[in-house]
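A quick write-up on the structure given underneath.
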Amino acid sequence: MVIKILKHIGVPLICFLTIFSSILLGKAPIIAAVLGCVFYLSIAFERKLPFSRVFQFIFLALFHWYSHLNWCLILYYLLIWFAIADKQKITYTLRTTLMYIGVYSIIRLSYVPFTSYNLLVSIYDIASSMIFVLLMQYVLKSEIENKRLQQENDYLTTHDPLTGLLNYEGYVTTIENLIVKRFNFVLVLLDFQDFKSVNSENIHNGNETLNQISLLLGSMFDDSYAMSRYAGDQFAIILPAKDNLIPTISESLDSNILGFQVTYSFAQYPLEASTKEELISLAEERLFQNKRAVWLKREEHLFRSEKMKMIGELAAGMAHEIRNPLTTIKGFMQIATTRAYNIQPWHELIMSEIRRMNELTAEFLQFSKPHISNMKPESVSDCLDRVLSLAESDALYRGHNIIFEDTEEALYIFIDRDKVVQVLLNLIQNAFEAMTQPGDVHVRIKQENELAIIEIEDSGGGMSESELEKIFNPFYTTKENGTGLGLSICHKIAVDHGGSLEVKSSIGSGSIFSFKLPIVEM
């Protein structure tokens, strides 16, 4: 700002005074006036005409020569100051200063008497100009350093030093500015639930992971207005509002693309909130509720696992105690019927109950058996070919049609084949039983990131929300003669394989069971 004032006010003012004095003293006023104006114009238009800088010193020297006034010394000093302000190296500035003041002294000595006094004055001018340059360089460096420290302080005030993203204060300020500008935007809050375990093991690894997450978020949301990291492992992203933005982001985050389980929430301005406080509060409240839901789901999963463990222990003891007596009773009844004992009226009932108890015992044993052991890579398509060949006759008998949708690319999974076939047969059997009228059962193979997904969809009556919450609980069943253990066993086998078993359903729309397993490279 000071340089600008000197160029457009100081230089023309000094030139005018010098020209005016030259006119009064009769020192070639017309030539001096022209050269003074040309010198000023070369400074005023140096941005538009950069080459004019080369001629500034020449115009000044000629202006000085024809005006014969020492007042031009101030203009020489101003040129030196402009050179210093351009942040040239000190060696260059000193050489330039020596040349400027040297030429000034030569011109000055040409119109003043060549005496010892005037010669000493010239030497003094040169020495004082050197001191002036050194002092100005020191002041400029101090100013630059102070400015740099101020910028660093401002940066740290609004940015996270680890990732370089905005901190909480920075993103709140950004929201304020966007609201003032009346922009429509969406605030996305992310909380990485599994990150605390990484950070507790090794702080260095935790910091490196946070940097990787911030880089990945930057590539995913490169059109964001701002990104922020705050509260350790929480991130805020401000995105311009557009159609289908929230469903698109939800799909990406649910796919585990970031490598960590992430809980997220959205709040839209001005659709859902009219002020900064309302917007942030709404997003934080939704994030809290979503985190609470995830926590409850984890607790439910833990409770189910503990329940399974208890059932397994119970099943082992029960099976050991009752299987042998059941076998004896069954053999006795079979022998008795062949010898015409008078128990014929109750034979079918007794045998039916014995078969039911044997089936229940067999299902109980599924919980007590060791984890899967016969593990090897298998083709998903081959497994389903085996399953469909086994289920085909039952489908024809019931009048149902199985529609198989395979993938173009072969997918391989590391599994115990018999266990996986057991799960898929159970799911297809359930689909058959869910449809009271002949219908279609869709069996699909899909790939989602590093997971192979086998979907089994029926066109039955569907399930309510309350039924879905209990569908995998042991002993819960909606079948008249069911044991309530089939889906529990399927869920356990899926978990033992490092996968999952999920279900989507609604009343009147059928059900879709998704069996997800990790893909292996072949």
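Derivation of every value follows stated rules applied to the coordinates shown; laboratory data play no part. All figures in this text were calculated on a predicted structure; none of them were measured in a lab. Please note: Cβ atoms are built from the backbone with ideal geometry, for glycine as well, and neighbour counts cover all protein chains shown.
Ranked for footprinting exposure by Cβ neighbours inside 10 Å, fewest first, Asp385, Asp125 give Asp385, Asp125. A Förster radius of 30 Å, combined with the Cβ-Cβ distance separating Ser255 from Ser389, puts the computed FRET efficiency at roughly 0.35. Computed on the range 168-272, with alpha-carbon pairs under 8 angstrom and 6+ residues apart, the relative contact order is 44 percent. Which shape class applies to the range 2-156: rounded if a/c is under 1.5, otherwise prolate when a/b exceeds b/c and oblate if not, where a ≥ b ≥ c are the square roots of the Cα gyration tensor eigenvalues? Oblate shape, in that a/c is at least 1.5 and b/c is the bigger or equal ratio.
Placing unit charges on C-beta atoms (Lys and Arg positive, Asp and Glu negative, everything else neutral), compute the dipole magnitude of the range 168-272 about its Cα centre in debye, rounded to 20. Please report the intermediate quantities before stating the final value.
Numbers: 5 positive and 13 negative charges, 60 e Å.
It works out to roughly 280 debye.
Using the count of nearby Cβ atoms within 10 Å as a rough guide to exposure, how do Phe63, Phe513 rank from fewest to most? If you can, show how the numbers build up before the last one.
On the way: Phe63 27, Phe513 24.
Arranged by neighbour count, lowest to highest, Phe63, Phe513 become Phe513, Phe63.
Multiply the residue gap between Lys291 and Arg53 by 0.36 nm, knock off their C-alpha separation, and tell me the result in nm, one decimal place. Don't skip to the answer; put the middle values down first.
Details: separation 238, 0.36 × 238 = 85.68 nm, distance 6.48 nm.
Computed gain between Lys291 and Arg53 is 79.2 nm.
Here the gap between Ile507 and Leu98, fully extended at 0.36 nm per residue and compared with their Cα-Cα distance, gives a gain of 137.9 nm.
The simple Förster model, with R0 at 25 Å and r as the Cβ-Cβ distance, assigns Asn449 and Leu396 a FRET efficiency of 0.10.
Sorting Ile123, Ile471, Ile493, Ile454 from the fewest to the most surrounding beta carbons within 10 angstrom yields Ile123, Ile471, Ile493, Ile454.
If you place +1 on the Cβ of every Lys and Arg, -1 on the Cβ of every Asp and Glu, and leave all else neutral, what size is the dipole of the range 375-522 about its Cα centre, to the nearest 20 Debye? Working shown, then result.
Numbers: 12 positive and 25 negative charges, 90 e Å.
So the magnitude is around 440 debye.
Inter-label distance, Leu140 to Lys376: 7.9 nm, where each label sits 7 Å from its Cα along the C-beta direction. Each part gets one Cα centre, and for the range 1-62 versus the range 423-450 those centres are 90 Å apart. Looking at the square roots a ≥ b ≥ c of the eigenvalues of the Cα gyration tensor of the range 373-432, which shape do they give, rounded for a/c under 1.5, prolate if a/b is larger than b/c, or oblate? Because a/c hits 1.5 or more and a/b fails to exceed b/c, the range 373-432 counts as oblate. Under 11 Å from a point placed 7 Å out from the Cα of Val121 along the Cα-to-Cβ direction: which residues of the range 62-78 have their backbone N that close? Backbone N within reach: 69-71.
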